Amino acid sequence: MYQSFIGLEVHIHLLTKTKVFCGCRSAFGDEPNTNVCPVCMGYPGVLPSLNIESMRMGCMVARALGCRIPEKTWFERKQYFYPDMTKNYQISQFASPLGQEGYVEIEGKIGSKQIKKRIRIKECHLEEDAGKMIHTGTVSLLDYNRAGVSLLEIVTEPDMETGEEAELFIQQLRRTVRYLGVCDGNMEEGSLRADANVSINLPGKGLGRKVEIKNLNSSRFVKLGLNYEIARQGELLDAGKTVIQETRLWNENRDETQPMRQKENAQDYRYFPEPDLPVFTPDAAFLKSVDDAIVELPAPRAKRLAGDYGLSEEQADLICEEKAQADYFEDAVTEASANSLAVANTLAANKLSKKDMAARIANWLLQDIKHILGREGIELRDIGSFRLNPKRLASLTVLSASGKISGKNAKQVLEAVISEDKDPEAIIKERGWELISDPAKIAEAVQKVAAAEAATLAQARAALAEGNDKRRQTLSAFLVGKVLAATGGRADPKIAGSQIESLIQGN
Ligand SMILES: [Zn+2]
């Protein structure tokens with residue numbers, strides 16, 4: 001068996017309004033060559049100027065990945081020729097990138113195995129993206145809208161060993177940058193792109209010859225591409241051959257990697273400091289603005305949710321999949337807890353704890369609401385503007401938990417809130433679904449049932465005297481059913497049940 005070493009280079013598009021070195025709009029999907037100017041088109045004699053938001057967002061990611069932000073950070077020119085980059089160099093970072101030497105823990109299930117592993121981050125550096133080439137028939141078209149868009153490259157050390165670990169890393173990173181609000185994480189549109197490098201060797205012999213894989217535009221392809229490459233290199237070594245150091249492309253139609261080009265060394269780019277941009281020295285105010293913008297990250301938040309609200313790890317993880325959903329959940333639980341206090345005062349019988357509320361809300365969220373969002377085509381990140389807002393879900397949860405409406409009606413109310421955009425209380429009132437919880441009103445119905453079903457009541461009392469619990473319960477349930485029927489299904493079944501029970505016991 002060989003040991004494998006996987007490192008990743010992940011590029012993320014930062015969600016800045018404008019590009020990194022000019023004032024052009026930074027957006028995906030606009031008409032080609034409409035968001036351009038002499039700076040991002042690389043005209044001679046123009047001067048770039050740094051977008052501070054790009055630097056701030058880059059530093060937020062660096063901090064979230066445990067990186068050190070150096071006292072001074074600057075830009076270099078990376079020289080190479082390519083038609084989508086008119087200056088013939090890219091402004092990037094080399095000697096002192098904005099984030100250095102961090103690490104993250106990846107944690108999750110691989111198959112049935114729970115893994116937890118530390119992955120070192122070599123660096124995060126800020127650079128400009130290149131334009132886009134569109135090849136059609138015999139012509140190639142160029143769109144420079146993407147040229148100069150803020151790009152952050154995150155480079156890991158070769159600490160992963162399987163395609164599954166790399167997939168987990170990317171999924172976790174994607175969640176993190178989405179939480180921070182610095183990248184939409186859309187791999188299909190290319191706003192998060194990953195290149196992977198992998199080498200294998202006999203255990204204890206260090207790194208082998210490195211192969212880079214490009215064109216991995218989903219986390220699943222990262223896994224498949226790496227596992228394919230580990231197997232391919234193993235077969236070569238088994239046959240006594242050597243692995244060629246090269247760049248390969250993932251072919252998603254054939255599920256294999258194919259050679260693309262022999263890899264040049266980093267030195268070939270002849271980096272030198274960009275003379276048109278000053279050295280950036282992050283001061284205390286800048287660093288504070290970075291720290292202030294960092295939110296609680298998904299992994300620690302899932303742990304906190306599990307602890308604070310008594311959720312299972314799996315539930316907490318699902319809820320934290322999207323920040324908007326985790327916010328929605330916590331808002332609803334807070335509302336419901338406040339709301340339930342008022343209800344609990346009038347209904348001493350139903351003591352509703354925060355954990356009860358949380359469990360009910362988590363169930364709504366992960367089952368019924370998830371289903372409805374899917375049906376209505378609403379993205380999870382837009383759950384905040386959903387008609388069933390946290391306040392409405394909280395009301396519905398308390399009404400249902402405190403027995404004011406039946407479980408069946410609660411689901412109907414949920415649907416009606418969404419289709420009619422009204423509060424649950426209004427819908428329940430309109431439809432006459434509010435359960436009768438006034439003991440005196442229920443007692444009237446119980447008395448009527450006792451008179452009409454005197455024989456059954458006598459049988460129940462006899463069963464009680466004989467100690468035949470099973471028969472007594474059957475008869476009691478029958479009588480409760482009659483009470484519910486007499487009230488059009490609106491009597492609170494708990495109150496009706498206890499009144500019938502008292503009647504049987506002759507109180
Ligand atoms: Zn521009």
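The values are calculated or read from the model by the stated rules, or taken from the named source; none is laboratory data. From a predicted model like this one, the values you see are computed outputs, not experimental measurements. Positions of Cβ are generated from backbone atoms using ideal geometry, with glycine treated the same way; all protein chains shown enter the neighbour counts. For accessibility, only protein heavy atoms count, side chains too; no ligands or nucleic acids. Shrake-Rupley method; radii C 1.70, N 1.55, O 1.52, S 1.80 Å.
A few remarks follow.
- Sum of side-chain charges, N409 neighbourhood, beta-carbon under 11 Å (Lys, Arg +1; Asp, Glu -1): +3
- Leading residue at positive end of dipole, the stretch 60-190 (Cβ point charges), from I106, F94, P83: I106
- Cα centre as origin, Lys/Arg/Asp/Glu Cβ charges: the chain dipole, Debye: 1200 debye
- Angle between the chain longest axis and helix 390-401 axis [Cα atoms, degrees, rounded to 10]: 30 degrees
- Total lysine pairs in the stretch 379-492 at Cα distances under 19 Å, for residues eight or more apart or on different chains: 16.
- Cross-link partners of K132 among lysines (Cα-Cα below 21 Å; sequence separation of 8 or more within a chain): K17, K19, K78, K87, K214
- Taking 23 Å as the straight-line reach from the Cα of K117, the lysines in range (excluding those fewer than 8 positions away in the same chain) are K109, K205, K210, K223, K303.
- Taking the alpha carbon gyration tensor of the stretch 162-302, multiplying each eigenvalue by 5 and rooting it gives semi-axes of 34, 22, 15 Å, largest first.
- The solvent-accessible area of T474, taken with every protein chain present and a 1.4 Å probe, is close to 90 Å².
- When +1 charges are put on Lys and Arg Cβ atoms and -1 charges on Asp and Glu Cβ atoms, the dipole computed for the stretch 1-59 relative to its Cα centre reaches about 160 debye.
- Taking 0.36 nm per residue of separation and subtracting the Cα-Cα distance, full extension of the segment from K117 to A477 would add 124.0 nm.
- Computed from point charges on the beta carbon alone (+1 for Lys and Arg, -1 for Asp and Glu), the dipole magnitude for the stretch 332-465 about its Cα centre is near 340 Debye.
- The residue among A362, Q325, G66 whose Cα reaches farthest toward the positive pole of the charge dipole of the chain, with charges on the beta-carbon of Lys, Arg, Asp and Glu, is A362.
- Accessible heavy-atom area order of E71, E321, highest first, probe of 1.4 Å: E71, E321
- The value of relative contact order for the chain, using C-alpha pairs under 8 Å at least six residues apart, is 12 percent.
- Helix 163-180 vs. the chain, principal-axis angle (Cα, 0 to 90°, nearest 10): 80 degrees
- Per-residue SASA entry for M260, accessible area with 1.4 Å probe, Å² rounded to 10: 90 Å²
- Separation in nanometres of the label points that stand 7 Å from Cα toward Cβ, at T136 and Q505: 8.2 nm
- For the chain, convex hull volume per residue from C-alpha positions, Å³: 220 Å³
- E256, E466, reordered so the largest accessible area comes first (probe 1.4 Å): E466, E256
- In Å², nearest 10: area of I294 left accessible to a 1.4 Å probe: 50 Å²
- Under-5 Å amide H pairs with E256, H placed in peptide plane, nonlocal only: N251
- Rough spin-label spacing in nm, given labels placed 7 Å along Cα→Cβ, for F286 and E71: 1.4 nm
- Taking the charge dipole of the chain about its Cα centre, with +1 at Lys and Arg Cβ atoms and -1 at Asp and Glu Cβ atoms, the residue from A491, N253, L207 reaching farthest to the positive side is A491.
- Taking all Cα pairs closer than 8 Å and separated by 6 or more residues, the relative contact order of the stretch 377-502 comes to 22 percent.
- Placing a pseudo-label 7 Å from each Cα along the Cα-to-Cβ vector at T334 and S498 gives an inter-label distance of 3.4 nm.
- Accessible area, probe 1.4 Å, largest first, for residues E274, E453: E453, E274
- C-alpha long axis of helix 284-293 to longest principal axis of the chain, angle in °: 40 degrees
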